[in-house]
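Derivation of every value follows stated rules applied to the coordinates shown; laboratory data play no part. These numbers come from a predicted model, not from an experiment. Neighbour counts run over all protein chains shown; Cβ positions are idealised from the backbone, glycine included.
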Amino acid sequence: MTSKDRRATPRFQPKPGIHVTYGVTTGVIRDLSLEGVFIFDSDPLPVGSEIIFTLRVGDQDISLEGVVRHSVDREGMGIQFTKVSPVSKRRLRIQIASLVSAPSQLVKT
């Protein structure tokens, strides 16, 4: 972990076809960890927004709740998971175990 990367868990690149659905929006994932996800979205929610969403992996849905911690206009948003059921946590761990580490994506300051 670099000095600018404050994440407690590593991020992973999603496999093709993994996406997130919230409201009427479907977003592509840039990276995923046990504690959060970055979603590409040209109109991201503002920082502090609470969100209930579904991570779709193949034929399996993983229900999650989180809060937007990072939002970049016309790019996307980073969401920290705040509520993950035991079943969703198990499914998330299984999916992450099959992924490749994501390259470092440092925030520009």
* To do: Give the distance, in whole Å, between the Cα centre of region 9-64 and the Cα centre of region 80-94.
  => 13 Å
* Structure fact -> Sorted by chain and number, the residues with a modelled amide H under 5 Å from that of residue 34, at a separation of 5 or more or across chains, are none
* Multiply the residue gap between residue 21 and residue 34 by 0.36 nm, knock off their C-alpha separation, and tell me the result in nm, one decimal place. => 2.9 nm
* Asked: What is the calculated FRET efficiency for residue 59 to residue 85, with r their C-beta to C-beta distance and R₀ = 22 Å, to the nearest 0.05?
  -> 0.75
* Under 12 Å from the residue 74 label point (7 Å along Cα→beta-carbon), backbone N, region 24-67 -> 42-43
* Mind listing the phi-derived Karplus ³J(HN,Hα) values for region 79-96, rounded to whole Hz, using 6.51, -1.76 and 1.60 with θ = phi - 60°, and x for any glycine or proline? -> 10, 8, 5, 10, 9, 10, 5, x, 5, 5, 5, 5, 4, 5, 4, 4, 5, 5
